[in-house]
1. All but one of (1) touching a residue at least 40 places away in the same chain (Cβ under 8 Å); (2) surrounded by fewer than 19 Cβ atoms within 10 Å (Cβ to Cβ); (3) β-branched (Val, Ile, Thr); (4) farther than 21 Å from Asn105 by Cβ hold for Val277; which doesn't?
2. Return the pair list, or none, for Cβ contacts closer than 7 Å from residues in the stretch 82-93 that are free of Cβ contacts under 8 Å to residues at least 40 places away in the same chain to residues that are among the aromatic types (Phe, Trp, Tyr), at least 6 apart or on different chains.
3. Run Glu186 past the list (1) out of contact with any His (no Cβ under 8 Å at 6 or more places or on another chain); (2) surrounded by 14 or more Cβ atoms within 10 Å (Cβ to Cβ); (3) of a type in the set (D, E, K, R) and report the number of the one that doesn't hold.
4. Can you pull out the residues in the stretch 280-318 that are assigned to a loop (DSSP other than H, G, I, E, B) and surrounded by 20 or more Cβ atoms within 10 Å (Cβ to Cβ)?
5. Across the stretch 134-159, which residue is nearest to the chain's Cα centre (by Cα) among those that are under 18 Å from Ala286 (Cα atoms) and in contact (Cβ under 8 Å) with a residue 60 or more places away in the chain?
6. Please pick out the residue among Ser153, Ser175, Ser167 that is within 30 Å of Asp10 (Cα to Cα) and surrounded by fewer than 21 Cβ atoms within 10 Å (Cβ to Cβ).
7. Report yes if Glu30 is surrounded by fewer than 17 Cβ atoms within 10 Å (Cβ to Cβ), assigned by TED's automatic domain parsing to the domain that holds Phe96 and either out of contact with any strand residue (DSSP E or B) (no Cβ under 9 Å at 6 or more places or on another chain) or at pLDDT 95 or above (or both), otherwise no.
8. Here are the criteria: (1) at pLDDT 95 or above; (2) assigned by TED's automatic domain parsing to the domain that holds Leu26; (3) farther than 22 Å from Gln90 by Cβ; (4) not in a loop (DSSP other than H, G, I, E, B). Tell me which single one Gly185 does not satisfy.
Amino acid sequence: MIPYGHQSIDKEDIDAVVDALGSDCLTQGERVTRFEKDLADYCGAKYAVVVSNGTAALHSAFVAVGIGSGDEFITTSLTFVATSNVGVWQGARPVFVDIDPTTGNMDISKIEEKITDKTKAIVPIDYTGRPVDLEKIKEIADRYNLKVIEDASQALGASFNGRKVGSISDLSTFSFHPVKNITTGEGGAILTDNEEYYKKMKRFITHGIIKENLDKNLGAWYFDMVELGLNYRLPDFACALGIRQLSKLNLFLQKRKKIVEKYDEAFLDFDNIITPVKDDEIYKSAWHLYTIRLKENLVSKKVAIFDKLRAEGIGVQVHHIPVHMHTFYKNLGYTSDGLEQTEKWYNSVISLPLYPDLTEDEQKKVIEKVKAIVV
């Protein structure tokens, strides 16, 4: 089976992890500090906090801006459930806006009509790795005194208007799951220029504990828990892998882009699908996913097409089941009202294999099977 995504691990990655495992410090060591610095430097942000997974990154960001009981945040339903779940854990309510039918990203023209006096933040998703218009979202947020928490889990390495994702929003979160553009096994990070948010998140991911600026007379062992936190730390051996992976990110992005161009060329005159929007001078995607959409006359055949591709060894996937369609959210009262484009996208979309080590022969097979089956 050719998977839709897969990690790219070489011997030097393995050696780095083994070296970390042989060190005296398996957690809270210098590799954590190094990985955070490398991430901040790469993206052009002042601060980075690495955590145990992408969901922990989102949760930490929500805590940093103070989202809590009774608050609302505006986001999109075309995302993995974690984006909304962390807000629900905080007692807040996600408010979904529909998507732009050409990109799958949040329809910015629909944001302002959803803002109320309970709204605390706008939470856009960079769907498939393509940035949303972050400047327009920031303008709206500033107008209403809202924060922007960008779910950039799929977008490490992407850029908007010449600036790297991670350096634009109030907070940007990333995931380092094995199918993402770099991996630490599991793992995630939050980037920000706000020192207050940075310090709050560093406390939050270590149980809300501080060890500095305490009365020395209390003893060298003493620490103080000053707020409620969790253990969301990422261990040193995972950071060792992350450091190595980040050093290869630009190469990974080049390989992904080359694969995307071959798909685009292959499907240029193929009438049965819609291919993704191409990059331009403003939008530079990280190409985490390559999604095709079935033409309207084939939507009813999606399940059969999906199953046939899987049967032929093509590990296609669907991104994403809209959040509002899950039982948990239906039980909270969410419906499809106002989300017509989101559901239309879901009904037609299929993700094709895309990862740096996808071979030319494997991609050729994917293309041949798509053309043979999507009819």
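The values are calculated or read from the model by the stated rules, or taken from the named source; none is laboratory data. Quick caveat, the model's predicted, so the values are computed rather than measured. Positions of Cβ are backbone-derived with ideal geometry, glycine not excepted, and every protein chain shown enters the neighbour counts.
1. The failed condition is (4).
2. Val86/Phe62; Gly87/Phe62; Gly87/Phe73; Gln90/Phe62; Ala92/Phe73
3. (1)
4. Restricting attention to the stretch 280-318, the residues satisfying the condition of being assigned to a loop (DSSP other than H, G, I, E, B) are 280-282, 285-289, 295, 312-313, 315-316, 318.
Hits for the stretch 280-318 are Ser285, Ala286, Trp287, His288, Leu289, Val316.
5. Looking at the filtered set, the residue picked out is Ser153.
6. Details: Ser153 fails: surrounded by fewer than 21 Cβ atoms within 10 Å (Cβ to Cβ); Ser175 fails: surrounded by fewer than 21 Cβ atoms within 10 Å (Cβ to Cβ).
The match here is Ser167.
7. Numbers: surrounded by fewer than 17 Cβ atoms within 10 Å (Cβ to Cβ): yes; assigned by TED's automatic domain parsing to the domain that holds Phe96: yes; either out of contact with any strand residue (DSSP E or B) (no Cβ under 9 Å at 6 or more places or on another chain) or at pLDDT 95 or above (or both): yes.
Yes, satisfied.
8. Answer for Gly185: the failing condition is (4).
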